[in-house]
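Engineer: So that we are looking at the same thing, I have put the structure below in structure tokens.
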Amino acid sequence: MSAQTTDVLIVGSGFGGAIPAYYLAAGGARVTILERGPRLASADFTQSLQLGTYNRIVDVIRGEGIAVVAGNCVGGGSVVYFAASLRAPAFIFERRGSTGRRIWPISITRNALDPWYDRVENALPVTRTSWPDVSYAGGILAAACARSGHTCNPVPVAVDTGKCTNCNWMLSGCRFDAKRSMLLNYLPAAESHGAVIRPLHEVQTISRSLVSGYRYAVTYTVLDPDNYTCTLQTGTVHAKVIVLAAGAVGTPVILQRSAPLLGGMPAAVGRYFSGNGDHVSVADIDESKVRSLLDLTRADGIPYQGFPIGRPITAATYDFLDATAPEFSRFMLQQIYFPAITNVLAQTADPSQWFGIRARELRSRWTSWLTLLAMTEDDNEGFFSPAPPLAGSFTRLAPGIGLGTMTYRPTDRTLGGWQKADTALRAILEKDGLARVQPWSTDVAGSVTAHPLSSVRMGDNPNTSALTDNNELRYHGGIFVTDASAVPTSLTVNPSLTIAALAERAVSSIVDRAAQAGVSVKYGAPPPKS
């Protein structure tokens, strides 16, 4: 049997994989995408929390001190995310963290990235929402902000609001093609130019290829669609260029496991892991105060009880994103909805609220909750232990549940940022008894994030970064990383748009490297049309 070969092998099909796949394929390269998860069409997405439905495409990966929620399907995180699409503030790119020096590459500033943000926003496209698009929960936050002297704004989203039914099942994928995931733009455009997507292919290692004309050999296992712990077969693909986009939990593990085969890895691989500073709080809203303090009432006469109604993210306050404030004190507060199944994680710092009669009473008022996500500046304090045996990027314990090798112990700087966010949130929502606010406890699952970042980060300093400023892995030419792991720091906003913009920016360098490797490819295709 002849060896499997391709010009460019892409690992993962979310934002970081789909975007390079399209431009490389459109430019003439042979492109193969290996995706760990299954491929589902819109009609396959279920509005159910029964086991065997959502957990086919969503993984909760527990580490020490942190749990990560990640997509596991063709389209990756873009299929299960909540579609909030925000540009990172300019001050983020100047962050120094605890290193004492600029963390981001000097070539990447907000101004430098704006053209790439523009490109992604037009390709998805992103919708600038207005107040009629805001949910009841978002309206409560906005009214409380106004009453306490703060501003609040509708959040731009990668959603066709004309198609959206406000069903609030975004975590399970969108049955109505309203959420503009990679399934509706970059991936079909890539396939139209010959790219091949191979679902249920989990990459294990990268080594030097012994096939003439090819630089790298990538081994994979084919997973049983009914049981991801079972391997149906194994194989190897030989490629001239590799693009890793397996996510901030997957990519560092692949590289760690491959280090002996490639002659070592940059020291920053698997270090500086960030949860984007994510910090969740639960507000128990007093329905009577919604009417008396906020002068709000639904058409049916109920003051609120709107927690599960509407899209999961619709409003946020940006008042605390002050570029003149000290680092680790800046954050955004965003209204967000979590499905009822996450109640098990929603244990607050006050244990008396979560046991016995008081727990039952609080959970019975679930529709009167308001959950808030603070996205802060964390300290990049996470790291990955040595990679597990050949079993993917984590040990799968059950469908949708895995055990990862990451450790996250918040430093005083990170904890101080969370405390400042808690204080601000209480000042807004607890004024005159409107609500009682409690942060989620870290005792059950540690920190919880759907925004893992920075585990193979970019930078100018080889001692503290694994990638050059064009996303190429140091000391290993022809291997690029274009997913969330490349983002150097937490962003104080939802990261999807920044991940996508950085991937757009990296494409020309990937094309150049592929051309140097003998691939007949050109850069210059227009962005795809949805």
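The values are calculated or read from the model by the stated rules, or taken from the named source; none is laboratory data. Since we're looking at a predicted model, the values are computed, not measured. Cβ coordinates were reconstructed from backbone atoms using ideal geometry, including for glycine residues, and neighbour counts include every protein chain displayed. Ligands, DNA and RNA are stripped out before the accessible areas are found, and what is left, the full protein with its side chains, is counted by its heavy atoms. Shrake-Rupley method; radii C 1.70, N 1.55, O 1.52, S 1.80 Å.
Engineer: Given the criterion open to solvent by less than 10 Å² (accessible area, probe 1.4 Å) and within 18 Å of Val31 (Cα to Cα), identify the matching residue among Ala515, Ala503, Ala486.
Structural biologist: On the way: Ala515 fails: open to solvent by less than 10 Å² (accessible area, probe 1.4 Å); Ala486 fails: within 18 Å of Val31 (Cα to Cα).
Criteria check complete, one pass: Ala503.
Engineer: When the stretch 179-198 is examined, which residues are found to be buried (at least 20 other Cβ atoms within 10 Å of the Cβ) and in a strand (DSSP E or B)? Can you show your working first?
Structural biologist: Initial filter on the stretch 179-198 (buried (at least 20 other Cβ atoms within 10 Å of the Cβ)): 179-187, 189-190, 195, 197.
Those that are buried (at least 20 other Cβ atoms within 10 Å of the Cβ) and in a strand (DSSP E or B): Lys179, Ile197.
Engineer: Residues being of a type in the set (Ser, Thr, Tyr), touching a residue at least 60 places away in the same chain (Cβ under 8 Å) and either crowded, with 24+ Cβ neighbours inside 10 Å or farther than 21 Å from Ser192 by Cα (or both): count how many of those fall in the stretch 1-19.
Structural biologist: Residues in the stretch 1-19 being of a type in the set (Ser, Thr, Tyr), touching a residue at least 60 places away in the same chain (Cβ under 8 Å) and either crowded, with 24+ Cβ neighbours inside 10 Å or farther than 21 Å from Ser192 by Cα (or both): 1 in total.
Engineer: Would you check if Ala466 is under 21 Å from Ser258 (Cβ atoms), touching a residue at least 12 places away in the same chain (Cβ under 8 Å) and open to solvent by less than 30 Å² (accessible area, probe 1.4 Å)?
Structural biologist: On the way: under 21 Å from Ser258 (Cβ atoms): yes; touching a residue at least 12 places away in the same chain (Cβ under 8 Å): yes; open to solvent by less than 30 Å² (accessible area, probe 1.4 Å): yes.
Yes, satisfied.
Engineer: Which residue pairs have Cβ atoms closer than 7 Å, lie 6 or more positions apart in sequence or on different chains, and pair a first residue in the stretch 20-41 that is under 20 Å from Ile479 (Cβ atoms) and at pLDDT 95 or above with a second residue that is outside any loop (DSSP other than H, G, I, E, B) and of a type in the set (S, T, N, Q)?
Structural biologist: Short answer, once both residue conditions are applied: Arg30/Thr6; Val31/Thr6; Thr32/Thr6.
Engineer: For the stretch 470-482: of the residues being within 21 Å of the chain's Cα centre (by Cα) and open to solvent by 10 Å² or more (accessible area, probe 1.4 Å), which is farthest from Asp7 (Cα to Cα)?
Structural biologist: Per the criteria, the residue is Asn470.
Engineer: Examine the stretch 2-17 for a residue that is modelled with pLDDT under 95, more than 21 Å from the chain's Cα centre (by Cα) and not polar (S, T, N, Q), and state whether such a residue exists. Quick ask: steps written out before the conclusion?
Structural biologist: Here is the first cut: in the stretch 2-17, the ones modelled with pLDDT under 95 are 2-3.
The next check asks that each one be more than 21 Å from the chain's Cα centre (by Cα); those that pass are 2-3.
So of that shortlist, the ones also not polar (S, T, N, Q) come out as 3.
Within the stretch 2-17, one or more residues are modelled with pLDDT under 95, more than 21 Å from the chain's Cα centre (by Cα) and not polar (S, T, N, Q).
Engineer: Which residue pairs have Cβ atoms closer than 7 Å, lie 6 or more positions apart in sequence or on different chains, and pair a first residue in the stretch 369-380 that is on the phi > 0 side of the Ramachandran plot with a second residue that is among the polar types (S, T, N, Q)?
Structural biologist: Asn380/Ser274; Asn380/Ser454; Asn380/Thr489
Engineer: Output the residues belonging to the stretch 317-328 that are within 30 Å of Asp133 (Cα to Cα) and open to solvent by 10 Å² or more (accessible area, probe 1.4 Å).
Structural biologist: Within the stretch 317-328, Tyr318, Asp319, Phe320, Leu321, Asp322, Ala323 qualify.
Engineer: Quick check on my filter: what residues within the stretch 484-530 are hydroxyl-bearing (Ser, Thr, Tyr) and either at pLDDT 95 or above or not in a loop (DSSP other than H, G, I, E, B) (or both)?
Structural biologist: Residues of the stretch 484-530 hydroxyl-bearing (Ser, Thr, Tyr): 485, 489-490, 492, 496, 498, 508-509, 520, 523, 530.
Matches in the stretch 484-530: Ser485, Thr489, Ser490, Thr492, Ser496, Thr498, Ser508, Ser509, Ser520, Tyr523.
Engineer: Conditions first: (1) at pLDDT 85 or above; (2) not in a loop (DSSP other than H, G, I, E, B). Pro410 passes all but one, so which condition is the exception?
Structural biologist: Evaluating Pro410 over (1) at pLDDT 85 or above; (2) not in a loop (DSSP other than H, G, I, E, B) leaves (2) as the failure.
Engineer: Okay, moving on. Quick check on the stretch 371-379. Is at least one of its residues buried (at least 23 other Cβ atoms within 10 Å of the Cβ), of a type in the set (Val, Ile, Thr), in contact with a Ser or Thr (Cβ under 9 Å, 6 or more places away or on another chain) and assigned to a strand (DSSP E or B)?
Structural biologist: Yes, the conditions are met somewhere in the stretch 371-379.
Engineer: Okay, moving on. For Thr229, state whether it is of a type outside the set (Asp, Glu) and open to solvent by less than 40 Å² (accessible area, probe 1.4 Å).
Structural biologist: Here the answer is no, as Thr229 does not meet what is asked.
Engineer: Taking the stretch 108-132 as the region of interest, how many residues are open to solvent by 50 Å² or more (accessible area, probe 1.4 Å) and either among the charged types (D, E, K, R) or within 27 Å of Pro488 (Cβ to Cβ) (or both)?
Structural biologist: Final tally of qualifying residues: 8.
Engineer: Which one is nearest to Thr314 (Cα to Cα), of the residues in the stretch 148-178 that are open to solvent by less than 10 Å² (accessible area, probe 1.4 Å) and outside any loop (DSSP other than H, G, I, E, B)?
Structural biologist: So the residue we want is Val157.
Engineer: Where the second residue is open to solvent by 30 Å² or more (accessible area, probe 1.4 Å) and aromatic (Phe, Trp, Tyr) and the first is touching a residue at least 60 places away in the same chain (Cβ under 8 Å) and lies in the stretch 225-240, which pairs have Cβ atoms under 6 Å and are six or more apart or on separate chains?
Structural biologist: His238/Tyr214; Lys240/Tyr214
Engineer: Here are Arg102, Arg62: which of them is under 22 Å from Ser447 (Cα atoms) and either part of a loop (DSSP other than H, G, I, E, B) or not hydrophobic (A, V, I, L, M, F, W, C) (or both)?
Structural biologist: None of the others qualify; the one that does is Arg62.
Here is a yes/no grid of residues against (1) of a type outside the set (A, V, I, L, M, F, W, C); (2) farther than 23 Å from Gly12 by Cα; (3) in contact with a helix residue (DSSP H, G or I) (Cβ under 6 Å, 6 or more places away or on another chain); (4) open to solvent by 40 Å² or more (accessible area, probe 1.4 Å):
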site	(1), (2), (3), (4)
Gly37	yes, no, no, no
Leu40	no, no, no, no
Ala43	no, no, no, yes
Thr53	yes, no, no, no
Arg56	yes, no, no, yes
Gly65	yes, yes, no, no
Ala88	no, yes, yes, no
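Engineer: Does any residue of the stretch 232-244 turn out to be open to solvent by 20 Å² or more (accessible area, probe 1.4 Å) and in a loop (DSSP other than H, G, I, E, B)?
Structural biologist: No, because not a single residue in the stretch 232-244 is open to solvent by 20 Å² or more (accessible area, probe 1.4 Å) and in a loop (DSSP other than H, G, I, E, B).
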